[in-house]
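Each value in this text was obtained by applying a stated rule to the coordinates, not by laboratory testing. What you see is a predicted model, and the numbers here were worked out from it, not measured in a lab. As a convention, Cβ positions derive from the backbone with ideal geometry for all residues, glycine included, and neighbour counts pool all protein chains shown.
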Amino acid sequence: MSISIYICEDNPTYLTLIESIISDYLLFHEHRFNLALVTSNPDEFIHTLKSTQAQNSLYFLDLELNHKLTGLDLAKVIRQNDPEGKIVFISNYDSVITQSVHQHIELLGFIDKSLSQTVLRAEIFKLMELAENRIYQQLQNKQQLFSFKVGTMLYNLNFSEILFIKSANNHQLTLQAKNSSHSFYGTLKEILSQYPELLRISRTTLVNPLNIAQIDFSKRKLFFDNQISCKFSIRYTQSIKKFFLK
């Protein structure tokens, strides 16, 4: 899983500085994070947040945005769409802490704009590491359910039971679980946006990495505990290696 990062800051110089620091961090952690949006426009921020259906993401928000919307307003939208996302406020004002408490907005951290570039860099690196640890802990502690519809019936399956999901040309998906299989309509793109814990191994297949027991790179095959296997394409070899070596 790669954690998406969204930045909204109205000062172009400071926006570029934050982006540069985060990009430096990504040079060594590119499989753990991705820079989804860098903007000074709150409207673009909200549109992208909703269109990408961000979940378990990391947000850096300027408190004062020289716009009708403030960083607090954006934080409220985040909480409506990504309840477990991690928010960092950027401001010159200590009052940001008081305001966030009054608005019942849980913060991961606060960045003071008066920090030197060296201290700022260290603080952002620390916050990114903290966000990663907390997000992965949340996912491990949560008994996640996978939901899908067949006709008018809604089914819930423990996420840990899923082995893989394959697609056919007619938008029909086949889900193979440990002790059952199911067919329903949808797209892998939709599934991956809702369940980013899944891993794409080919154009037509998503797998649950938690249930992979063995990988044969010479034959390009993934094996599950029950000896069921899936073939992965050459195109995804490097991303599979990065995922399991993180």
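Which order do I87, I46 fall in if you start with the one that has the fewest other Cβ atoms within 10 Å?
Values: I87 24, I46 17.
Exposure proxy ranking, most exposed first: I46, I87.
Compute a Gaussian network model of the chain, connecting alpha carbons closer than 10 Å, and tell me which residue from S23, S114, S57 fluctuates the most.
Comparing S23, S114, S57 in a Gaussian network model of the chain, the most mobile one is S114.
Could you tally the net charge around L115, taking each other residue with its Cβ under 11 Å from the Cβ of L115, Lys/Arg +1 and Asp/Glu -1?
Net charge around L115: 0.
Based on other C-beta atoms within 10 Å, arrange T16, T205, T48, T152 from fewest to most.
On the way: T16 12, T205 21, T48 17, T152 5.
So the ranking, lowest neighbour count to highest, is T152, T16, T48, T205.
If the limit is 27 Å between Cα atoms, which of K86/K221; K86/K189; K50/K149; K86/K178; K50/K189; K149/K189 go over it?
Working: K86/K221 36 Å; K86/K189 24 Å; K50/K149 23 Å; K86/K178 33 Å; K50/K189 15 Å; K149/K189 16 Å.
Those over the limit are K86/K221; K86/K178.
Under a Cβ-Cβ cut-off of 11 Å, what is the net charge of the residues other than I124 that fall near it, where Lys and Arg count +1 and Asp and Glu count -1? Don't jump to the answer; show the numbers that get you there.
Values: positive: R121, K126; negative: E19, D24, E123, E129.
Spelling it out: positives minus negatives among the neighbours equals -2.
In what sequence do C230, C8 fall when counting other Cβ within 10 Å, fewest first? Could the numbers behind the result be given before it?
Numbers: C230 19, C8 26.
Lowest to highest Cβ neighbour count: C230, C8.
Report the Cα centroid-to-centroid distance between the stretch 1-32 and the stretch 173-241 in angstrom, as an integer.
Centre-to-centre (Cα) distance: 29 Å.
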